[in-house]
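The values are calculated or read from the model by the stated rules, or taken from the named source; none is laboratory data. Keep in mind the model is a prediction, meaning the values are calculated, not measured. Cβ atoms come from the backbone with ideal geometry, glycine included; neighbour counts cover every protein chain shown.
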Amino acid sequence: MFNFIKKIANGIEIHTLRTKLIISFLIIGLLPILLFGFLSFNVYSGAINDRINNYSQEMVNRMKRDLEDYITEVERFLSKEQDFYINQFIKLTQANDFRNSRKYAFRIWEDFNNVKQLRPGLKDVAITFQDGRRISSYGTYNIDIDNFKESLYADESDETFFTQPYINYFQEEVVTVARYYYPEIAEENVLISADIDLDVLADLTDFNLGEKSYFLIADQNGDIIYHPEKSKIGERSFYYSDGFPDRKVSLKGEQYLLTSTYSEVTGWYIISMASADEVEAELNYITNLTIYMTIIVLILIILLTLYLSSSLSKPIQKLQELTHRASENDLSVKIEISGDDEIAELGQSFNKMIRRINKLMEQNVREQKFLRQLEMESLDNQIKPHFIYNTLDLIIGLLENKDFDRATHMVEALGKFFRLSLSHGKEMVLIRNEIKHVKNYLFIQQFRHGEEYEYIIDIEDPEIMDKHIPKLILQPIVENSIYHGLLPADKKGLIIIKGLRKNKNIYFKIVDNGVGIAPEKVEEINKILKGELKIDDQQKYFGLRNVNQRLKLMYGGNSGLKVESVENEKTMVTIRIDQRGGK
Amino acid sequence: MFNLYSCKNNANKILLFVVLFMIIMCFSADAGAEISSKKTADSDKMTIAFVPRSLENPIFLDAFEHSQKKAVDLGINLEWLGSFSFDSEKQIKIIDSLIERKVDGMIISVNDTPKYDRIINRAMEAGIAVATFDADAPNSNRIFNIGIDNYEAGKVTAEGLLKVLDQKNIDYNDPDQELRTMIMTGVKGALNLEKRINAFLDTVADTNIVIEDIVENQDNVNLSVELLEQYVQKNPDIDIIFFVGGWPFYVPAEALPNFRNWAQNGGVAVGIDIFYDALVLQDRGLIHYLVGQDMATMGSKGLSTLYNYIKYGVKPPEYIKTGLEISNQENLDRLLRIHQPWRVK
């Protein structure tokens, strides 16, 4: 699984800066929108649900009020005190006095029809005798009194009775409300009843709650008294549970918000079934709006991200490519800079860096060239004609004197001297070889000058013998000691060459006990060596300057020469090689 | 228990005992609905329903009274059903409900129109014996009609009119002097009324009596009073009014001021239907000659005839004639003593 995700991630190059930017922007952009959408949806949905609940409750309460008003009005009519005409009709009818009862029958028909006219929705008004004889607004007829009584159930007052909906004698769907009437002049009581058209209940519940939403009325047992689907009337409601508590219910796979109220006058429940779909239809608008807004914002973010990531990643990609080319020694690269943002600054830095590298390389080339020139000059200085001629003359003299051993030594020393001077063209030589080179030189010069001076080579730290230093560092200094220190002096000369290491520095101290140098001159020389004083005569202090410059070029400004002298006593040249600055 | 719905809606229960329980419940519910909506508990008795044209027309009260007496004698469950005011749609609906309840027989007063023929034939096809009283539907399959000879009634009324004119020395043969006449009837299509009108016209054909207008009151008492008052106000010089039925006679003379003035100014009114209020109007000089129907016989004999037909298969004649009663100045006092006021004071 992890590999699979990794593969996909690799497939879409998730590691690239551009993809990371897109993902980051998407997350940053989408999260607040989704969060806002979710919160606003919840808040709005809560408000709508509250509104629907309140509206449904208001509707059922209003229906209850209307229903109770209507039923109370009917009850008021049914709750007759003594009625002369009815009493007379009852008395005469019970006596089968049809001759005298007919005018009361006519009166009752007239009255009951007036009542029907005054109260829309009343289908019939009737007086029913205990034997089932009935006089109503439609005339006189007989009913099954036992069945009729059985169908009645009392309200809470136990004085008014209701039936379930049924089809009456005249094929009308009605609910009957009845009360007992006790005539003063007859022993037998009668039932006065009113048949209420079910359409009255339909009119009472004719509130627009939505296409799928509807109202229904059920009795205390949950038996449906009115339902828009007439086939449901008389059924026990599925939602009856010791009443109809308000809740969300499911019907045929759809959700409904059930709200109910109980009418104490009728003993009926008035129930509203608000379709949750319809309630949420309004929410769908918000949902769709949120979705559309999210999609639009998503597209905008993607476009913005593409633009931003391109504007960010393109220069970086270009920078990467140029850096790669630069790493492949193509230092001609240059970034075309537009704008003044951080990327542009980076490009400027890159260009600056490339320019600096180029400059450093040019400087390096120049320095190398100068170094070579100094080396060559140093070599040229080594191969001075009179040194070679004198030495060769000396060798010839030895050969003429048949002093072949010394001649051999001299030839050998001269050969080594030049071989070590050239060192196969190497720039750096072992200190060991540099010491040998100085020894050969001193051997030759000692022989030439009749051993007027001695020399001592003292290397305190033998380990430095295997360190590399630029060639021809010691010999020019020793040569200066001989020619400018010892030879002008009238005393036995001594040259001490001392090698030591201190911290990361290698020091060579070349001390002679010659004539020394005047202090002003020492100061001048040191200033020249430090670069504090320029000279026009390039031959002046050539040896010292050559060695000093080569050391500084190779080891940095800390390396170089320093001259100390006590006039008529000694001169000491210190060579400092700072290995930390070595190339 | 009292409705027709519970059976089918609970029939899809799965458990056997529930099914059985529901069957029992349905059976009992069906039984209740059956009895309640079709026959009464006293279902051994034959049920015959009278359907008058309306309840508000007191002319039918005699039939109502005497049919009830006869029903007690014969042991019949009698029903007397109708809309309060005449309304053919409501009357047909009532007849339809009687068919639905499968009563044994019905005696109805109807218009002679195809829609009544259809409902009567449907009842007959459903095994319900149907007869007509007062107004007939001869084109239907009804078994018989009981009522007056309407042509005879119209004729007698016209003859009575001529007698009154003689008494008032009004020359009804003078070709130079027309006697302008208005006829008030119920609705067109009522065969009994048409016959009365035709007989009247036939009888006065050779006189100078000319029919100026025929006014229909839709079998409505109140409307008939209103139309009469308006008519005589607009046409005070009308000479004669022939009332084909007694619709406007149910109100006291004080409720007919224009008509009363017209009568006092020499107008002559004759009509069919005798009952207490009509006789009072005659006594006060608003009406001059009345011909009555024997509604009591229509009620009692109509019921017994249909009972015999249903119970014993005694086939009656198609037309059973009841007699006519005449009210004139000579017998008015006697008739006022016989006829009872129908209105409760």
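Tell me whether the range A:97-112 contains one or more residues that are more than 60 Å from the chain's Cα centre (by Cα), part of a helix (DSSP H, G or I), more than 9 Å from chain B (Cβ to nearest Cβ) and over 26 Å from A:Val265 (Cβ atoms).
yes
Checking the condition more than 21 Å from B:Ile148 (Cβ to Cβ) and among the aliphatic types (A, V, I, L, M), which residue from B:Leu306, B:Leu332, B:Leu286 passes?
Being more than 21 Å from B:Ile148 (Cβ to Cβ) and among the aliphatic types (A, V, I, L, M) holds for just one of B:Leu306, B:Leu332, B:Leu286, which is B:Leu286.
Looking only at the range B:175-197, which residues are modelled with pLDDT of 90 or more and small (Gly, Ala, Ser)?
B:Gly186
Can you name the residue in the range B:294-345 that is closer than 27 Å to A:Ala105 by Cβ and polar (S, T, N, Q) and, of all such residues, is nearest to the other protein chains (Cβ to nearest Cβ)?
The qualifying residue nearest to the other protein chains (Cβ to nearest Cβ) is B:Gln340.
All but one of (1) surrounded by fewer than 17 Cβ atoms within 10 Å (Cβ to Cβ); (2) of a type in the set (D, E, K, R); (3) modelled with pLDDT under 90; (4) closer than 17 Å to A:Gln579 by Cα hold for A:Lys471, so report the exception by its number.
Single failed check for A:Lys471: (1).
When the range A:125-148 is examined, which residues are found to be facing chain B (nearest Cβ under 7 Å) and touching a Lys or Arg at 6+ places or on another chain (Cβ under 7 Å)?
Passing the criteria: A:Ser137, A:Thr140, A:Tyr141, A:Asn142, A:Ile143.
For the condition among the charged types (D, E, K, R), in a helix (DSSP H, G or I) and modelled with pLDDT of 55 or more, what is the one hit in B:Glu34, B:Glu65?
B:Glu65
Which residues, counting only those in the range A:169-179, are buried (at least 21 other Cβ atoms within 10 Å of the Cβ) and either at the interface with chain B (Cβ under 7 Å from one of its Cβ atoms) or aromatic (Phe, Trp, Tyr) (or both)?
If the condition is that a residue be buried (at least 21 other Cβ atoms within 10 Å of the Cβ) and either at the interface with chain B (Cβ under 7 Å from one of its Cβ atoms) or aromatic (Phe, Trp, Tyr) (or both), then A:Tyr169, A:Phe170 are the ones that fit.
Check off (1) out of contact with any strand residue (DSSP E or B) (no Cβ under 8 Å at 6 or more places or on another chain); (2) away from chain A (no Cβ under 14 Å) for B:Gly147 and give me the number that stays unchecked.
So the condition that B:Gly147 fails would be (1).
Kindly provide the set of residues from the range A:292-303 that are of a type in the set (A, V, I, L, M) and exposed (fewer than 14 other Cβ atoms within 10 Å of the Cβ), ordered by number.
Listed by number, the residues that qualify are A:Met293, A:Ile295, A:Ile296, A:Ile299, A:Leu300, A:Leu303.
Conditions first: (1) crowded, with 18+ Cβ neighbours inside 10 Å; (2) without any contact (Cβ under 8 Å) to a residue 60 or more places away in the chain. A:Arg247 passes all but one, so which condition is the exception?
Against the list (1) crowded, with 18+ Cβ neighbours inside 10 Å; (2) without any contact (Cβ under 8 Å) to a residue 60 or more places away in the chain, A:Arg247 comes up short only on (1).
Being surrounded by 13 or more Cβ atoms within 10 Å (Cβ to Cβ), among the small types (Gly, Ala, Ser), within 14 Å of chain B (Cβ to nearest Cβ) and farther than 24 Å from A:Leu34 by Cβ narrows it down to one of A:Gly210, A:Gly234, so name that one.
A:Gly234
Within the range A:158-168, can one find any residue that is under 28 Å from A:Pro245 (Cα atoms), of a type in the set (A, V, I, L, M, F, W, C) and within 14 Å of chain B (Cβ to nearest Cβ)?
Yes, because at least one residue in the range A:158-168 is under 28 Å from A:Pro245 (Cα atoms), of a type in the set (A, V, I, L, M, F, W, C) and within 14 Å of chain B (Cβ to nearest Cβ).
Results for (1) touching a strand residue (DSSP E or B) at 6+ places or on another chain (Cβ under 8 Å); (2) at positive phi; (3) more than 14 Å from every other protein chain (Cβ to nearest Cβ); (4) crowded, with 18+ Cβ neighbours inside 10 Å, shown as yes or no for each residue.
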position	(1), (2), (3), (4)
B:Ile59	yes, no, no, yes
B:Phe64	yes, no, no, yes
B:Gln68	yes, no, no, yes
B:Ser83	no, no, no, yes
B:Asp87	no, no, no, no
B:Leu98	yes, no, no, yes
B:Ser109	yes, no, no, yes
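Go through the range A:402-431 and report how many residues are assigned to a helix (DSSP H, G or I) and touching a strand residue (DSSP E or B) at 6+ places or on another chain (Cβ under 9 Å).
Selection size over the range A:402-431: 3.
Conditions first: (1) away from chain B (no Cβ under 14 Å); (2) touching a strand residue (DSSP E or B) at 6+ places or on another chain (Cβ under 8 Å); (3) over 17 Å from A:Phe148 (Cβ atoms). A:Lys252 passes all but one, so which condition is the exception?
(2)
Assuming A:Lys116 fulfils every condition listed in (1) facing another protein chain (nearest Cβ under 9 Å); (2) among the basic types (Lys, Arg); (3) surrounded by fewer than 19 Cβ atoms within 10 Å (Cβ to Cβ) apart from one, which condition is it?
All conditions are met except number (3).
If the requirement is being part of a helix (DSSP H, G or I), on the phi < 0 side of the Ramachandran plot and touching a strand residue (DSSP E or B) at 6+ places or on another chain (Cβ under 9 Å), which of these qualifies: A:Leu544, A:Leu500?
Just a single option satisfies the conditions, and that option is A:Leu544.
Condition first: of a type in the set (D, E, K, R), out of contact with any strand residue (DSSP E or B) (no Cβ under 9 Å at 6 or more places or on another chain) and surrounded by 17 or more Cβ atoms within 10 Å (Cβ to Cβ). Can you find one or more residues in the range A:477-490 that meet it?
Taking every residue of the range A:477-490 in turn, at least one turns out to be of a type in the set (D, E, K, R), out of contact with any strand residue (DSSP E or B) (no Cβ under 9 Å at 6 or more places or on another chain) and surrounded by 17 or more Cβ atoms within 10 Å (Cβ to Cβ).
Considering each of B:Tyr250, B:Tyr276, B:Tyr319, B:Tyr309 in turn, give the residue that is among the aromatic types (Phe, Trp, Tyr), in contact (Cβ under 8 Å) with a residue 40 or more places away in the chain and in contact with a helix residue (DSSP H, G or I) (Cβ under 6 Å, 6 or more places away or on another chain).
Every option except B:Tyr250 fails the conditions.
Please return the ranges of strands (runs of 3 or more DSSP E) entirely within the range B:259-327 where 3 or more residues are polar (S, T, N, Q) and in contact with a Gly (Cβ under 8 Å, 6 or more places away or on another chain).
none
Please find, within the range A:63-90, the residue that is surrounded by the fewest Cβ atoms within 10 Å (Cβ to Cβ) out of those that are free of Cβ contacts under 8 Å to residues at least 60 places away in the same chain and away from every other protein chain (no Cβ under 14 Å).
A:Glu81
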